[in-house]
Every structure is written in C-alpha cells, then in structure tokens.
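Everything on this sheet refers to the single structure shown next.
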Amino acid sequence: MAATVVVRCAPLRGEAFDDPRLLALLDTHERERASRKRSPLFVVAHALLRTTVGEVLEVHPGRLVFVKRCDICGGADHGKPAVADHAGLHVSLSYAGSMAVAAVTRAGPIGVDVEEVAATGFVGFPDVTLAPEERAAVESRTGTDLLIARARTWARKEAVLKATGHGLSIDPPAIRVAGPDEPAALVSWADGVPSPGPVQLLDHQVDEGRHVACLAVLTDETLEVG
Ligand SMILES: CC(C)(COP(=O)(O)OP(=O)(O)OC[C@H]1O[C@@H](n2cnc3c(N)ncnc32)[C@H](O)[C@@H]1OP(=O)(O)O)[C@@H](O)C(=O)NCCC(=O)NCCS
C-alpha cells in the first residue's frame, strides 16, 4: 500500500501580515517573527503548515506545538521543523514569491521547496546552484524556458537538502539532480557527506507556471500525494 504525502498550497490573496484570523492560529514565537518580518507570506505559510498538520492529526491548528532542530549545530531555535510528541510525523514548509507550500507524511523525512520562476533570472544563478554537469541541460535555454528549467532544478535540489536537514550548509552545486525534462531524481550526493539513503523526488504543480515546487522524501516506500 502506498504511503500518503499530504501537500497543501496557499497563494497570497491580499492577506495582511497582521491578519487577526491567521495570527490567531500561530503561537507567540511565530507571531513575534511575523511582526518583525511584516510579511503576509510568512503569516500565510505558517498558518498553512498548521492547518495542514491539523488536518492530518485532526487537531485544531492553533493547539499544535512545533519544535525545531538544527542538525548542524544542535540549536533549537532554527533548522528543520517538527511536531512535538509526534516523532513519526515529518513536515516541511516553503514559501517564495506569492506561494506557500506545506507537506506532511509519515513515510520518512520530507523536504518541500517552492521557487518563483521569475526570481531565477539573476546573473550569478548557475554559480550558486548548478553542478558543472547540470549547466549544459539548463543554461543552454533561453527566455521563459531557461527560467523554468532553473526554478525546477533549484526546487529539486533544495527539496533534497531540506529533507536531509542540511539546508544550504551543503553547497547546492555539490549535489546533482536529473535534468529539467527528465523525471525528478537525485543523481549524485555530496562527496564526503554520509549518504541520505533512498531519496524520492516528486515535482509538484502549484499554479500555471509562476511557481515551481518539488517534494523530497527519504524512503523507498511507494508514495501517493493527497
Ligand atoms: C533551510 C533553507 C534551505 C530554507 O531556504 P529558503 O529558500 O530561504 O526558505 P524556504 O521558504 O524554502 O524554507 C523556509 C523554511 O524551511 C524550514 N527550515 C529551516 N531550516 C531548515 C533545515 N535545515 N532543513 C529543513 N527545513 C528547514 C523552516 O520551516 C523555514 O521556515 P521559517 O524560517 O519561516 O521557520 C535555508 O534557510 C538554510 O539552508 N538555512 C540553514 C543554513 C545553515 O546551514 N545554517 C547553519 C546554522 S548553524
């Protein structure tokens, strides 16, 4: 039987960073961060993570307790999020441009990443993201095709790095993913870093082309996105 990955998206629809309906779902720490950032997308994203986990656990979103753990330094104030007292439940959150995506599963550690296609059009993009072998498949393109290829490649890489918890402590060019026209897959992992084991990558459509998203789950179980 397939293991379920619950994925929910929330496009920004003119919400305010101090929307009381959304802030009511957040905890004190999240509300403090929201008031510092003054970012509507931050508030929408964290409310989305809570409603998605609440849906899976059948718990009111405002009653959930999230914890963080940084696998790099052991710090508890940053790093990968998890739900207190639900060790077998894996969660991930990403937000960019005007889109938030949350993902929840029991199948294994999960990472989700969403990228705004238009935001990949900066000059240094290949240097900060692509392995030498990936450049040919991505950078030979032009126009929108180039930006979509960049966004897809970047989302795939960041999803893997979020699933493992390394985040950008691993230089993205140190790992390789399948070319943008190929089915999503991790092709090679960073030299000298212990292998993450089985990795499944699933591209995930969130809108009609403004944003690109990908999920990574560290499992060899068959997955079904719901
Ligand atoms: C994780 C990271 C890749 C996120 O990149 P991003 O594109 O800016 O942001 P996204 O919207 O995709 O994801 C943000 C969310 O990812 C989650 N996250 C943070 N660190 C994470 C990690 N190490 N692994 C998985 N998820 C992480 C959080 O939920 C975060 O949301 P929040 O900051 O609002 O709480 C990047 O911030 C990063 O690498 N940070 C860690 C850098 C590092 O190594 N620090 C060492 C500290 S000792």
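The values are calculated or read from the model by the stated rules, or taken from the named source; none is laboratory data. On a predicted model such as this, the values are computed, not experimentally measured, just so you know. Reconstructed Cβ throughout: ideal geometry from the backbone, glycine too, with neighbour counts over all protein chains shown.
Arg13: closer than 18 Å to Ala82 by Cβ, surrounded by fewer than 19 Cβ atoms within 10 Å (Cβ to Cβ) and of a type outside the set (Val, Ile, Thr), yes or no? No; evaluated as a whole, the condition is false for this residue. Reported count of residues in segment 2-12, each being at pLDDT below 95 and either in contact with a Pro (Cβ under 9 Å, 6 or more places away or on another chain) or over 24 Å from Ala159 (Cβ atoms) (or both), is 0. Among the residues of segment 188-211, those that are surrounded by 15 or more Cβ atoms within 10 Å (Cβ to Cβ) and in a strand (DSSP E or B) comprise Gln200, Leu201, Leu202, Asp203, His204, His211. Can you pull out the residues in segment 31-68 that are near the ligand (Cβ under 9 Å from one of its atoms) and either over 20 Å from the mean Cα position of the chain (by Cα) or assigned to a strand (DSSP E or B) (or both)? Matches in segment 31-68: Phe66, Lys68.
In segment 114-128 there is at least one residue matching the filter, namely being within 10 Å of the ligand (Cβ to nearest atom), surrounded by 17 or more Cβ atoms within 10 Å (Cβ to Cβ) and within 13 Å of Trp154 (Cα to Cα).
Checked against the criterion of being among the aliphatic types (A, V, I, L, M) and either within 13 Å of the ligand (Cβ to nearest atom) or closer than 22 Å to Leu12 by Cα (or both), the candidates Ala100, Ala136, Ala84 yield just one match: Ala100. Of the residues Thr144, Thr164, the single one that is among the β-branched types (Val, Ile, Thr) and over 18 Å from Ala103 (Cα atoms) is Thr144. Listed conditions (1) hydroxyl-bearing (Ser, Thr, Tyr); (2) surrounded by 12 or more Cβ atoms within 10 Å (Cβ to Cβ); (3) more than 10 Å from the ligand (Cβ to nearest atom) are all met by Thr28, apart from (2). Looking across segment 75-128, the residues that are touching a residue at least 12 places away in the same chain (Cβ under 8 Å) and among the aromatic types (Phe, Trp, Tyr) come down to Tyr95, Phe125. Filtered by the rule that a residue be of a type in the set (D, E, K, R) and either under 14 Å from the mean Cα position of the chain (by Cα) or in a strand (DSSP E or B) (or both), segment 212-226 gives a lone residue, Glu224. Across segment 151-192, which residue is nearest to the ligand (Cβ to nearest atom) among those that are out of contact with any Asp or Glu (no Cβ under 9 Å at 6 or more places or on another chain) and small (Gly, Ala, Ser)? Top of the filtered list is Ala163.
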